[in-house]
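Working notes for the structure below.
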Amino acid sequence: MKARARPLLEIAAALLLALCAVLLVLDHQRDDAATMDEPYHVFAGAEYAVDGTYWLNLEHPPLLKLLAGASLASAGGVSPSGGRVAASSPHPRFLPWLYANRLGAHEVVAAARRPFPWFLGLLVVVTWLAGRSFFGPVAGLLAAAVVAFDPTGIAHAGVVHTDVGAALAMTATVALAAAAAGGRERLWPAAGLALGLALATKFTAVVLAPVVVVLPLLHAALERPPGTGRALLRALAGAAAAVAIAVAVLAGVYSVAMRKMPPALAERAASGFLASRGVSREAIERVAGVSRLSPPLGHYAAGVAGVVLFSETGRGLNYFRGEVSEAPFPLYFPAAYVLKSTPAFLLLVAGALALGGRRLLEYRALAFLFPAALLFAAAARSHFNIGVRHLLPVTPLLAVAAAGILAARLRPAPFRAAAAALASAALVSSLLARPLPFSYFNVLAGGRGPFWLSDSNVDWGQDAIRLARRLSRTGEAASTTVAAFGGIAFDHYLPGAKTLDVSRPDAPGRYAVSDFMAALGPWWLAASGDGEGAAALAKLLGALGERGSRVGRVAGSITLWRLPEQAGSRAPELESPVRMEPAIGNSRQEAPVLPPSGGGRRP
């Protein structure tokens, strides 16, 4: 009876972990303002889901945006073109669409977000199944727990973006392909389906196509099963079939998104996107040729080409440890991953590395470590140092491998105790981070998270609603100047909000400055073409840093300041970032004009 009850208890535990993860997402999602990228992703998703065209946002595959658009349509939101086939990009209609939709601007984003917390729940279940299949039930539950209670995953599962959905599809792809290469050949079609969905979710997933082919070779080299030659040929044939299925699934998803788009318009959209990214005429012609053969694959090829070029050039603004640079920081992603991970996850990985020995080179461990390393390298080589979220697909793969290695190296009783301790520690980190998981940092950041990192690691505009509530509650809305950014204009949440007066940016008074604006604001505004605003913000930050005083902290990303009348001589003028246009060059410059702020959440 006990033996029969044990699998049921294990299933219940896994589902409870998944439910806890979803509830932690919902806990912060309801109070999160629209983040910087969300409204445009929803705009694009509404176009795909209702209009059936694909003019917008080719730099991301369509699957998750399709789901967001369908969710918005079911809630009563309207599409960019009202269900019509647009003959040109609806991009110029973005602001009227967002602010004059049938739903309010925030309600548009909230409706589109509804499916996204469940992707994290599914990821927890898939991680458990992967760990259980390869390493046993306790390892599976441990891996699932550290994923369920990861504040970065909890934060980004609440917004319309690709990262958590990509982690789900990529983890499923690796687990199914590893099992199929290890002898469970009937799983190759499922691996192909998962790979296709991953490709339709995030362009980084393209690195998994060679992984699927390499896994049979890795298994044959490390395990040397009887009849290796014949088994390897069957496995390679299965891997090839999986890749072919993936291409068909990918084309199918794109076909749904652009189902009403005539081929000529599809080619024009792909070519126009590449031209806007500065891609060479020869490359545009090659993609146009693919588009003529298959418009869906032409759109995918255009997206890959544009993203590769953009990844190599970057956006001209990277922030790390108090410096701004156009060039990437070599230590950015390793440092971000260490500082934003829970201590439980770091201890799990460190324990596996310390105790692993030859277990690290076993097939079942390498099957997860190898793709994790490739995905980490793919993100780390990018010129976009804008968020540890790009490494989210790495975490479940490392969790499965590390939990499995510890399970193999420790006796059952000590491993169960270690697993319980690590899972409990991860839970504590997630509870300490709530309801502000975006700004979570572990103890290694020393309480100075916003000094180390910026952008979506800390401040993506998610705290605008919390700031509006605070100012309304204290009656200080009319007397506080707001310098913050996000996906929806701040005065949508707080009508009549004061914005920075460019004619007198350092006037005495109260100010609310978000961490992104403190770290990168002047450079960001200058790069966006707002030279006047960039100069004004730089002057304000200089004044706050010289004579201002902090009077409060709102949520995890906004500092309240009081700026008194200037006594004595005028404050020295700050060098205007306008002089840095159009980019700051490859040299690094000190970024925060303000003293480094605390406020990062830590266990």
**Request:** Using Cα pairs closer than 8 Å and at least 6 residues apart in sequence, work out the relative contact order for segment 144-267, in percent.
**Result:** 27
**Prompt:** Within straight cross-link reach of K539, meaning Cα distance under 19 Å, which lysines are found once same-chain residues fewer than 8 apart are removed?
**Reply:** K498
**Approximate spin-label separation L217-L16, in nm, with each point projected 7 Å along Cα-to-Cβ** = 4.5
**Fill in**
For the chain, the longest principal axis of the Cα atoms and the Cα long axis of helix 208-223 enclose an angle in degrees, to the nearest 10, of 40
**Request:** Using only Cα atoms, find the angle between the long axis of helix 281-293 and the longest principal axis of the chain, and express it within 0 to 90 degrees, rounded to the nearest 10.
**Result:** 50
**Prompt:** What list do you get for Y493, Y40 if you sort them by fewest beta carbons within 10 Å?
**Reply:** Y40, Y493
**Message:** Could you work out the relative contact order of segment 31-113? I mean the mean sequence separation of Cα pairs under 8 Å and 6+ apart, divided by the number of residues, in percent.
**Reply:** 36
**Request:** Would you work out the relative contact order for segment 396-502, in percent, from Cα pairs under 8 angstrom that are 6 or more residues apart?
**Result:** 15
**Item:** For segment 63-107 and segment 364-427, distance of Cα centres in Å
**Value:** 38
**Request:** For segment 326-331, take each phi angle, set θ = phi - 60°, evaluate the Karplus expression 6.51 cos²θ - 1.76 cosθ + 1.60, and give the result in whole Hz per residue in order, putting x for glycine and proline.
**Result:** 6, 7, x, 9, x, 8
**Item:** Fraction in percent of alpha-carbon pairs per bin - 10 Å, the chain
**Value:** 3, 16, 26, 26, 18, 8, 2, 0, 0
**Prompt:** Fewest to most neighbouring Cβ within 10 Å: what's the order for Y300, Y363?
**Reply:** Y363, Y300
**Message:** As a test of the formula, what do you get for the chain when each DSSP H run with n ≥ 4 contributes -39,500 (n - 2.57) and the sum is divided by the residue count, at 222 nm and rounded to the nearest 500 deg cm²/dmol?
**Reply:** -19000 deg cm²/dmol
**Reachable aspartates and glutamates from K340, criterion Cα separation under 15 angstrom, eight or more residues apart if same chain** = D150, D455, D459
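Every number here is computed from the coordinates shown, using simple stated rules; none is lab data. Just so it is clear, the model here is predicted, and its values are computed rather than measured. Every residue, glycine as well, gets a Cβ built from its backbone with ideal geometry; the counts of neighbours run over all protein chains shown.
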